[in-house]
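The values are calculated or read from the model by the stated rules, or taken from the named source; none is laboratory data. Computed from a predicted model, the values in this text were never measured in an experiment. Positions of Cβ are generated from backbone atoms using ideal geometry, with glycine treated the same way; all protein chains shown enter the neighbour counts.
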Amino acid sequence: MAKDTTGGLNRRLFVAGATAAMGTGLATGLATGLAAQQDNSTELEGQISASVTRNVSSFRALDWRPYFSDTRNGAILCDIQSRALHFWSEDQSIYKLYPTSVPLTDDLTRLGRTEVTQKVVAPTWRPTPSMRERNPEWPEVVPGGDPMNPLGPLALYLSWTYYRIHGTHDTRKIGRRSSNGCIGLYNEHITELFALANVGTQVMLI
């Protein structure tokens, strides 16, 4: 790979471009139940309602049976429309439901069955060739542990090239169409899922 002699400039442009693409104003904490917050302020209630309506279309528990024949090695369901990830342990004693980021557009979205092939701590991020074509100012690589790394602290690599389930340091992404194809989680949620999932865990995107 050629050495990037304009790393500082590329980095600033990358951050600025990514921030602009993500938009502004997102209420976080969907997983802990925004609707449960009690406040007599009509203005605050309106803000919460607007945020939930804008960012999550159907955040609800699901049963695994319509999507998997079994839960061998565990099962992960990524629902693009509701912007949620569901996890069932192999013995079905553990069920988790997390809000996620999802791909920006339909052409960046891949649906179907895959599986976890690697569990990576401090993953290195490299934009795909198509991402570099759309955004030539982006850096060729962002090392793991860098606060600007879009993959956050942990990532589950899938059998599909370039596709990941990962964390993010930018919580504004969660609940939005904001990724280039991957599924993003709050860092505390990817930490939990990372411990529960195994290499070989089934994954389905719908």
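Answer yes or no as to whether residue 187 is at pLDDT 95 or above, polar (S, T, N, Q) and closer than 23 Å to residue 71 by Cβ. No; evaluated as a whole, the condition is false for this residue.
Looking only at the stretch 50-58, decide whether some residue is more than 15 Å from the chain's Cα centre (by Cα), within 21 Å of residue 169 (Cα to Cα), exposed (fewer than 11 other Cβ atoms within 10 Å of the Cβ) and at pLDDT below 85. The answer is no; no qualifying residue exists.
Kindly indicate whether any position in the stretch 77-95 is exposed (fewer than 12 other Cβ atoms within 10 Å of the Cβ), of a type in the set (D, E, K, R) and at pLDDT 95 or above. Yes, there is a match, as at least one residue in the stretch 77-95 is exposed (fewer than 12 other Cβ atoms within 10 Å of the Cβ), of a type in the set (D, E, K, R) and at pLDDT 95 or above. Against the list (1) in contact (Cβ under 8 Å) with a residue 12 or more places away in the chain; (2) more than 14 Å from the chain's Cα centre (by Cα); (3) within 24 Å of residue 95 (Cβ to Cβ), the condition residue 135 fails is (3).
Identification of strands (runs of 3 or more DSSP E) wholly contained in the stretch 143-206 with 1 or more residues that are in contact with a Ser or Thr (Cβ under 9 Å, 6 or more places away or on another chain) and among the hydroxyl-bearing types (Ser, Thr, Tyr) yields 154-158, 164-168, 177-179, 183-186. Pairs meeting the criteria (first residue in the stretch 152-174 and touching a residue at least 24 places away in the same chain (Cβ under 8 Å) and farther than 17 Å from residue 80 by Cβ, second residue acidic (Asp, Glu) and assigned to a strand (DSSP E or B), beta carbons under 9 Å, at least 6 apart or on different chains) are 159/115. Of all residues in the stretch 143-173, which are at pLDDT 95 or above and of a type in the set (A, V, I, L, M)? 151, 154, 155, 156, 158, 165, listed by residue number. Summed over the stretch 97-140, residues that are modelled with pLDDT of 95 or more and exposed (fewer than 14 other Cβ atoms within 10 Å of the Cβ) total 5.
Tell me, which residue of the stretch 125-142 that is part of a loop (DSSP other than H, G, I, E, B) and of a type in the set (A, V, I, L, M, F, W, C) is farthest from residue 198 (Cα to Cα)?
Per the stated criteria, the residue is 138.
Just one of the listed residues (124, 114) is in contact (Cβ under 8 Å) with a residue 60 or more places away in the chain and among the β-branched types (Val, Ile, Thr), namely 114.
Would you check if residue 184 is in contact with a strand residue (DSSP E or B) (Cβ under 7 Å, 6 or more places away or on another chain), under 17 Å from residue 110 (Cα atoms) and buried (at least 16 other Cβ atoms within 10 Å of the Cβ)? When the stated conditions are applied, residue 184 passes them.
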